[in-house]
1. Expected output is a single nm value to one decimal: the length gained when fully extending between Ser264 and Ala31, i.e. 0.36 nm times separation in residues minus the C-alpha distance. What is it?
2. What is the fewest-to-most order of Leu378, Leu58 by other Cβ atoms lying within 10 Å of their Cβ?
3. For the chain, modelled as a GNM with alpha-carbon contacts under 10 angstrom, which of Arg132, Arg365, Arg80 fluctuates the most?
4. Take the cross-link list Lys213/Lys327; Lys276/Lys331; Lys27/Lys213; Lys213/Lys320; Lys319/Lys400 and give me the ones stretching past 29 Å between alpha-carbons.
5. Antiparallel DSSP bridges in the chain: what percent, to the nearest 5?
6. Please give the charge dipole size of the chain, origin at the Cα centre, charges +1 on K and R Cβ atoms and -1 on D and E Cβ atoms. Round to the nearest 20 debye.
7. State the antiparallel share, in %, of DSSP beta bridges confined to region 90-188, rounding to the nearest 5.
8. Using +1 at the Cβ of each Lys and Arg and -1 at the Cβ of each Asp and Glu in the chain, identify which of Gly64, His186, Ala88 lies farthest towards the dipole's positive end.
Amino acid sequence: MATLAPAPATDDTGDRPVIRLAPGRHKRMRAGHPWAYSNEIAMTADARALPPGSIVRLHDSADGPIGTAMFNPRPLISARLLTPDPDAAIDGDFLTARLTGALALRERLFDAPYYRLAWSEADGLPGLVLDRYGDAAAAQLNTAGMDRLAEELTESLFATVGVRSVVFRNDTAARTFEGLPSGTSHAGAPVEGPVEIVENGARFVVDLTAGQKTGWFYDHRENRARVAALARDMDVLDAYSYVGGFGIQAAASGARSVICLDRSEAALALGAEAAKLNGVAAVCSFLRGDAFRTLEEFARDGRSFDIVVCDPPAFVKSKKDLASGLKGYRKLTRLAAQCVRPGGFLFAASCSQQVDSGQFAEALRGALRSVRRTGRVLHRGGAGPDHPIHPYLPESVYLKAMLLQLD
């Protein structure tokens, strides 16, 4: 993994280029939305020639300033608002102020340094995903503008938060749309092996350099606690378990037995290590396999559980995948429901941003109808408070979760 050595960003506010919205295309941003799409911008030859990630003044068609934005002429989302101040300097001090605010919120929410520290537009840092793991952090720089600020961001992160290591997991599909290279790097002290975190009183080991996304999914913190609260004396199946977040917390809360099911041998190995750390290895087993195929086999064999958790990866990566993705959620829920004992519980989630909560709920209802199961919805929710939602950006709501008791 290479050491980070980005080119520093420059932001001369006196010579900052101006990008204008097309006539009549200003209303959404004037109402608070932080994005301008490429078809809303007057894409002149000068605009198209700007380097991706340029800091610009964003104006409406009448030349009224909207604010300071990151601009990239390549992707559909071409301008991302940083601040309504058109003359704000976007530098280390700016980043430090944003990180200080984000840190203050998380320290009020949580009593241990394990959380999503910055969540893109909601924390005023478009394109930045930043997770904290004690004195280490893992980051994704998903916009060209944030990528150009990598050096200043790193310095600010070390000074403001006090972490010693930053792993940059810049291997996301979003970077491809921005015209950015894919890869991983680090700044500060190297991260040697998995790191340990604590969530809801349970201990886990997480691989920041090779695990999924940034290594851990903090967004389900409250959902894991809700499922674990039901788990005493229950048999639990945690499908798509990754490193066992749901299953091991259920075991630590007194589950009778837990199966963690995942396709990744490396993730299951980390889950088994966590089970030992929490003193629940005797009740936890780790099964490598495909969730659809395994659930189908369990249903066919009449094998059932008191709690079944289904937290799959995104089935819908783009709008063209919507129909097939919803079909996948229906099939998965149908198979899972057949494995839930009467009076038992099903937890189902979708992290597909293109699927809204109504579509997800209808997919679950259709699945339950197909196997003639009914019951009651106990909870509908999403991500925890360290994944705040920008009030004018409904597109940022990605996680949907439902907890049901089935008759």
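1. Values: separation 233, 0.36 × 233 = 83.88 nm, distance 4.47 nm.
Taking 0.36 nm per residue and subtracting the Cα distance, the gain is 79.4 nm.
2. Details: Leu378 14, Leu58 25.
Final ranking by Cβ density, sparse to dense: Leu378, Leu58.
3. Most flexible of the set in this elastic network: Arg365.
4. Numbers: Lys213/Lys327 25 Å; Lys276/Lys331 34 Å; Lys27/Lys213 35 Å; Lys213/Lys320 23 Å; Lys319/Lys400 17 Å.
Exceeds cut-off: Lys276/Lys331; Lys27/Lys213.
5. 65
6. 1940
7. Within region 90-188, antiparallel bridges account for around 80 percent of the total.
8. Looking along the dipole axis, the top candidate is Gly64.
Read-outs throughout are calculated quantities, based only on the coordinates presented, and are distinct from any laboratory measurement. Nothing here was measured: the structure is a model prediction, and the numbers come from that model. Here the Cβ is made from the backbone with ideal geometry for all residues, glycine too, and neighbour counts use every protein chain on show.
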